[in-house]
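The values are calculated or read from the model by the stated rules, or taken from the named source; none is laboratory data. Since this is a predicted model, take the numbers as computed values, not measurements. Neighbour counts run over all protein chains shown; Cβ positions are idealised from the backbone, glycine included. Remember, those area values only see protein heavy atoms, side chains included, never the ligands or the DNA or RNA. Shrake-Rupley method; radii C 1.70, N 1.55, O 1.52, S 1.80 Å.
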Amino acid sequence: RYGAGTPDALACGLNLACDYSAVGDIPRALELVTEARVAYQARVGEDHPYTLAASNNLAIYLRDAGRLAEARELAEETLRLMRRRLGDSHPFTLSCAVNLANCLGESGDLADAEAIERETISRLRTTLGKDHPDTLACQANLAVTLHEAGREEEAGPLREQILDDFSRVLGVGHPITDLLNNWQRISRDLEPHSI
């Protein structure tokens, strides 16, 4: 009725991209998030939080598509802009930091991934609380990083603790636990409301 560039349509497109990503349709997720990002850039500017949310999600889907160098570069730039615009402890900024750490970890830069994860865990605990799913997801990613670094004496117990926490907070059998059970990283895509 109002066109694809309306705030509600853009927010729905961005959220639908997240849904496609969740079911493994990365090409469709990439298409929708790219459309939303371009529209947000034109409508509200390069560093608007919704443009940055779309950029964050695009970095995730690029990584999922195997385009790791592009994903890492976009995640670094998006995190820089989020820190400048929103601050170091805003939930959007912290989600982007989680995703950058994922890119670093998959690139084999485990020391930098670990450093970002530890800093982000601390900020998430302060901002959202120790039992928030985002905090637990970042801790789960730290366990994966430690596992990939061969530090099983740290990775194993942390993984078991987070699996217990996920069951308590999200419920037994939540799909996110499968990722940690398989030593896979957990992404944090953003689904903002319309503006």
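Residues that are charged (D, E, K, R) and under 25 Å from residue 140 (Cβ atoms) do not occur anywhere in the stretch 33-50. For residue 77, indicate whether it is over 13 Å from the mean Cα position of the chain (by Cα) and either at positive phi or of a type in the set (D, E, K, R) (or both). Considered against the rule, which asks whether it is over 13 Å from the mean Cα position of the chain (by Cα) and either at positive phi or of a type in the set (D, E, K, R) (or both), residue 77 comes out as yes.
Only a single criterion out of (1) of a type in the set (A, V, I, L, M, F, W, C); (2) more than 21 Å from residue 85 (Cα to Cα); (3) modelled with pLDDT under 95 is not satisfied by residue 42, namely (2). In the set (1) modelled with pLDDT of 95 or more; (2) surrounded by fewer than 22 Cβ atoms within 10 Å (Cβ to Cβ), the condition left unmet by residue 177 is number (1). Can you name the residue in the stretch 31-64 that is over 15 Å from the mean Cα position of the chain (by Cα) and of a type in the set (A, V, I, L, M) and is also surrounded by the most Cβ atoms within 10 Å (Cβ to Cβ) among such residues? Restricting to residues being over 15 Å from the mean Cα position of the chain (by Cα) and of a type in the set (A, V, I, L, M), the top hit is 36.
Starting from residues that are within 15 Å of the chain's Cα centre (by Cα) and either surrounded by fewer than 16 Cβ atoms within 10 Å (Cβ to Cβ) or among the basic types (Lys, Arg) (or both), keep the ones in the stretch 16-30 and report whichever is nearest to residue 99 (Cα to Cα). If we take residues in the stretch 16-30 being within 15 Å of the chain's Cα centre (by Cα) and either surrounded by fewer than 16 Cβ atoms within 10 Å (Cβ to Cβ) or among the basic types (Lys, Arg) (or both), then 22 is nearest to residue 99 (Cα to Cα). For the criterion of being assigned to a loop (DSSP other than H, G, I, E, B) and either open to solvent by less than 80 Å² (accessible area, probe 1.4 Å) or basic (Lys, Arg) (or both), residue 13 fails.
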